[in-house]
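J.: Just passing along the structure, written as structure tokens.
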Amino acid sequence: MARYLIGIDLGTTNSALAYLDLQHPRRGERPDIQTFAIPQLTAAGEIKERPLLPSFLYLPGQHDLPTGTTALPWDAHRDYVVGEFARNHGSKVPGRLVSSAKSWLCHSGVDRSAGLLPWTAPPDVPRISPIEASARYLRHLIESWNYVMAKDRPDERLEKQTVVLTVPASFDDMARNLTVEAARKAGLEDLILLEEPQAAFYCWQATHSAKEAAALKPGMRCLVIDVGGGTSDFSLIEAVEQQGELGFVRQAVGDH
């Protein structure tokens, strides 16, 4: 049985990972949800932990950075950069910076499996697909978790845990399938997709008292507004009676 339940928000501008230790799931009346501090390059050759992983990927040129600058504790030969340093350094060399990969995943006007990014890259820069960029963000989360939380404990590696991956409610089937493809490329197998406004609603339920949740009666509706870095989502959730108990059903979502 998996020890952890993992939640990943693969965001347009930032990504994050939270977890619940199923051996110690509660702190008092509330679930003991922890935010994982993500090791990442924050400057040339400098690793620090951050609560967020900026969703940026930098593709260095041959003489762009000193040798060893992009090395990670778990991969001394890494030849690209993900996270804070990628965002900051890439702002100076935008033709080598991949950004907004999540928005490209839902762009029906392009071949989302083709090498499109960086969009403004000059001819000498190899491009990658939005799927590959998303996979690299997820792979960084997986590898950093395994380095910090599962060193010498193979059963606690992130690939062996149940992972809930959030997607915009307005993602169509193609965008959802491409997100799953990216997750599979990164090594995730036990995967559940959850719409982001629903995730926010469930978080509200979990972190507030049962009395507050009980204020919602069958027939009442809750509008969840999720203003993100690249998508704004609106979901209408209705309280219903299910076998004598209060339940919730997502009734409508706004357009992307």
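J.: Please state the charge dipole magnitude for the chain, taken about the Cα centre, from unit charges on C-beta atoms (+1 on K and R, -1 on D and E), reported in debye and rounded to the nearest 20.
T.: Dipole about the Cα centre, nearest 20: 380 debye.
J.: Measure of size requested: the Rg and Dmax of the chain, with Cα atoms as the atom set and Å as the unit; please supply both.
T.: 19.7, 67
J.: From the protein chains alone at 1.4 Å, what is the descending order of accessible area for Glu46, Glu195, largest first?
T.: Ranking Glu46, Glu195 by accessible area, largest first, yields Glu46, Glu195.
J.: When the convex hull of the Cα atoms of segment 1-114 is projected onto a plane and the area is averaged over all directions, what value comes out in nm²?
T.: Hull-based average projected area comes out at 10.0 nm².
J.: A further question follows. Under 14 Å from the Cβ of Ile33, count the other residues' Cβ atoms, weight Lys and Arg +1, Asp and Glu -1, and hand me the total.
T.: -1
J.: A further question follows. What is the Cα coordinate range of segment 136-256 on the first, second and third principal axes, sorted by size from largest, in whole angstrom?
T.: Sorted largest first, the three principal extents are 49, 31, 26 Å.
J.: Further, regarding this structure: For the chain, calculate the relative contact order in percent as a whole number, restricting contacts to Cα pairs under 8 Å that are 6 or more residues apart.
T.: 17
J.: Still on this model: Here is the link list: Lys151/Lys185; Lys48/Lys211; Lys160/Lys211; Lys48/Lys185; Lys102/Lys160. Which ones come out longer than 29 Å on Cα distance?
T.: Result: Lys48/Lys211; Lys160/Lys211 exceed 29 Å.
J.: Sorted by accessible area with a 1.4 angstrom probe, largest first, how do Leu158, Leu5 fall?
T.: Leu5, Leu158
J.: May I ask you to work out the translational diffusion coefficient for segment 1-54 at 37 °C, viscosity 0.692 mPa s, via Stokes-Einstein with Rh from the Kirkwood sum over Cα pairs, reported in whole µm²/s?
T.: Diffusion coefficient, whole number: 260 µm²/s.
J.: How many angstrom lie between the Cα centre of segment 68-130 and the Cα centre of segment 5-56?
T.: Spelled out, the Cα-based centre of one part sits 22 Å from the other.
The values are calculated or read from the model by the stated rules, or taken from the named source; none is laboratory data. All values derive from a computational prediction rather than experimental measurement. Cβ: placed from backbone, ideal geometry, glycine included. Neighbour counts: every protein chain shown. Please note that ligands, DNA and RNA were not included when accessible areas were found on the heavy atoms of the full protein model with its side chains. Shrake-Rupley method; radii C 1.70, N 1.55, O 1.52, S 1.80 Å.
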